[in-house]
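Beneath this line is the structure, given in structure tokens, with notes to follow.
The values are calculated or read from the model by the stated rules, or taken from the named source; none is laboratory data. Computed from a predicted structure; not experimentally measured. FYI the Cβ positions are ideal-geometry reconstructions off the backbone, even for glycines, and counts take in every protein chain you see.
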Amino acid sequence: MEPNTDIAKKIWSEKYQFKSPDGSPIDETLDDTWRRVAKTLASVEKEPPLAEKKFYEALKEAQFLPAGRIIAGAGTERSVTLFNCFVMGEIADDMSGIFSGLREAALTMQQGGGIGYDFSTLRPKGAPVHGVGADASGPLSFMNVWDAMCRTIMSAGSRRGAMMATLRCDHPDIEEFIEAKRDPALLRMFNLSVLITDKFMEAVRNNNSWDLLFEEKIFRTISARELWNKIMHSTYEFAEPGVIFIDRINNLNNLSYCEQISATNPCGEQPLPPYGACLLGSINLAKLIKQPFEVDAHIDLKELSELVRTSVRMLDNVIDISRFPLTAQKEEAQKKRRIGLGVTGLADALIMCGVRYGSSEAVDLTDTWMKNLRDTAYRESSQLAKEKGAFQLFDAEAYMKSPNIKMLPEDIQKDIKEFGIRNALLTSIAPTGTISLLADNVSSGVEPVFAFNYERTVLRPDGSKSIEPVHDYAYQIYLNLKGDIKSLPGEFVSAHSLRPEDHLVMQSTVQKYIDSSISKTINCPENISFEDFENIYQQAYDLGCKGCTTYRPNKITGSVLSTSSDMSEKEHSVSINTSSHEDDNIISISAPLDRPAGLDGKTYKIKWPESDHAIYITLNDIIQGGRRRPFEIFINSKNMEHFAWTVALTRMISAVFRRGGDVSFVVEELKAVFDPRGGAWMDKRYVPSLLAAIGGVIEEHMIDIGFLKDSDNFELEFNDKKQVVNAEEANFSQCPQCGSASMIRQEGCDLCSSCGYSKCN
């Protein structure tokens, strides 16, 4: 298989193609990449050539898609981990333990691993610190330290690492945790989730009081329902925090007899113990459909089973060949041999079978496919145990008591009892945004299709332009079979047209067969009532889900890709104007704003300690919609050392300003830049770099003209905090990597449908 779309080719070239240090290709084709991965994963088998052939057959048509780190790293001999994410060790409640945990996080993130932490072990704000006569600053103060670390690692040139922070619903600082990201400048590197217990849900339903405690000491007692409403209002207003039903996770854990879970990886599909790691791969259901769009469209279950068996063996082999950032992570992985086999392309597979996502027919089909995957995976892992040995901590009597194991067919239970099992846990539904794009834009994970088609305007070398359509995989198959179409059949539904209940019923159906968890986002309409929104979370709990994540476009979060208004609802076409020269894509959010003959502005002076001359920053504004907004920037200095980069910087920032919409992210990005040589003290505060100082000036100006509200006064109500005044004008979420207005929210992650960037990669 070779990439059939431009974006697939770009993703392969930038993320997965093996290249020499000078940039020359070692993998000449995608087929070379698949052969490299197959050969590497087969190297630990008794008969490598036979295994390599089978592995390659599963990979070559993208029927099985290992996680991106496996595709990029296997067989390259680079010092990288093939695992996606990690939950770090428990944070000890003392300064030594805290900064030891910070060091481990930095080392893990340096290799590109996402990390999850439970901050519930840290004493609450104001609690006495024995021996030093001081009060504790609370977990959120140290979360800011982690946040700064992540920014530093990122700015040093490593891959962007995502982080998940959890806090128990009975921690005394839980209310501050819930409200933490109301300020858009804080904790930007974290996803936040509240650990919800069964006891708390019962208290909410009965409208009982709720104790906030630490180490069995009660600090305050509040209303459980009021706390639940705070969580819901925050999630309703700015999409965080998520909720994790932690008791359900631990009660259903196959390893409940030897581990306790209190955190997940950043996307939430892998609840893990301290130093646990997630190893992911996905069966591409869309590639398995026989006779698509015909009456007898189906998946051959025997073929699916064979593919699952091969995939389990491949993922198990990864454990033996991967490197790990920390020794503790290696030991944890090898003792339990967790893998996370899931699916992608579910929505496309349903569409090609003529079935609407969320319908009873979709539930039945999904149930059949997922049961086959689960049963086959457990059967194969038991056979692997017979061949290679069970995982080290396998205890037959304790393991067989797990609710997941009791739901397996009797013959599989018998095999596990007799032979053991190679992998303690086997199934998970991961975000597959990037690898799904690599596989010719199949629908991601178990998500519905976000948009069936959008357009890219391509600038050719001769100066001419052409508009090229980009299609969802199932949509393209339909076009190939049916030709030009004026309307689409009813099974072509997108995330925007579905009810939240449709999302929930699919998530709960899949969850029955997943021993870990699911990364899934329930898309909600902007105008959904708070009561209906809150009910989604209640239903998620009642339906047996292990967590719930929603996304509702609003003034704070902004909206994701907007569908074109001049096309039918069923087409859900997304229009993106793209200019490209050869393989370089530059995507415009909209047409630039026109420049009036005269503009009002203001000039600011800063003196950077390392510079011999002052720097003068001029910001000119435009009136749009009765409101003042920044339009252009100029930076001048006698110091010629800064000349080239300041000219480049001003041109780029001005170009962003002229696109309109929410441009406040410029401030955030500049203020996040850390100079490895050290920053400087300015106006009695530490500024990490000259670029950060410039970002501070831009922020000051935006506040001064009313484009941003001042975030320094933390006593103000939310609506008076740092917020873009004219955010309603922004129709798109912008990619931080390519700058395109192509960011969508799926599976708990932000994914760029143009360049393939993912916050979770």
Give the residue, chosen from Asp247, Asp170, that is of a type in the set (Asp, Glu) and crowded, with 19+ Cβ neighbours inside 10 Å.
-> Asp170
From the residues in region 232-276 that are assigned to a loop (DSSP other than H, G, I, E, B) and more than 22 Å from Glu332 (Cβ to Cβ), which one is modelled with the highest pLDDT?
-> Pro241
Any residue in region 16-39 that is closer than 25 Å to Thr310 by Cα, touching a strand residue (DSSP E or B) at 6+ places or on another chain (Cβ under 7 Å), modelled with pLDDT under 95 and of a type outside the set (Asp, Glu)?
-> yes
Inside region 591-611, the number of residues satisfying the requirement of being modelled with pLDDT under 80, of a type outside the set (A, V, I, L, M) and either in contact with a helix residue (DSSP H, G or I) (Cβ under 9 Å, 6 or more places away or on another chain) or surrounded by 12 or more Cβ atoms within 10 Å (Cβ to Cβ) (or both) is 5
Region 489-515 - residue that is modelled with pLDDT of 95 or more and under 15 Å from Pro431 (Cβ atoms) and, of those, nearest to the chain's Cα centre (by Cα) = Gln507
Flagged pairs (Cβ under 7 angstrom, 6 or more apart or on separate chains; first in region 390-405, assigned to a helix (DSSP H, G or I); second aliphatic (A, V, I, L, M) and surrounded by 14 or more Cβ atoms within 10 Å (Cβ to Cβ)) are Tyr399/Ile405; Pro403/Leu252; Asn404/Leu252; Ile405/Ile416
Does Asp22 satisfy being farther than 29 Å from Ile289 by Cα and surrounded by fewer than 14 Cβ atoms within 10 Å (Cβ to Cβ)?
-> yes
Confirm whether Leu279 is modelled with pLDDT under 95 and crowded, with 23+ Cβ neighbours inside 10 Å.
-> yes
Answer yes if at least one residue in region 205-221 is modelled with pLDDT of 95 or more, under 22 Å from Phe238 (Cβ atoms) and not polar (S, T, N, Q), and no otherwise.
-> no
Restricting attention to region 41-59, does a residue exist that is in contact with a strand residue (DSSP E or B) (Cβ under 6 Å, 6 or more places away or on another chain), at pLDDT 95 or above, farther than 29 Å from Met163 by Cβ and not in a loop (DSSP other than H, G, I, E, B)?
-> yes
Tell me, yes or no, whether region 623-646 has at least one residue that is at pLDDT 85 or above, touching a Gly at 6+ places or on another chain (Cβ under 8 Å), surrounded by fewer than 21 Cβ atoms within 10 Å (Cβ to Cβ) and closer than 22 Å to Asp147 by Cβ.
-> no
What is the residue count in region 61-82 for residues that are over 20 Å from Ser428 (Cβ atoms) and crowded, with 16+ Cβ neighbours inside 10 Å?
-> 2
Selection from region 406-441 of residues that are at negative phi, assigned to a loop (DSSP other than H, G, I, E, B) and modelled with pLDDT under 95 | Ala430, Pro431, Thr432, Ala439
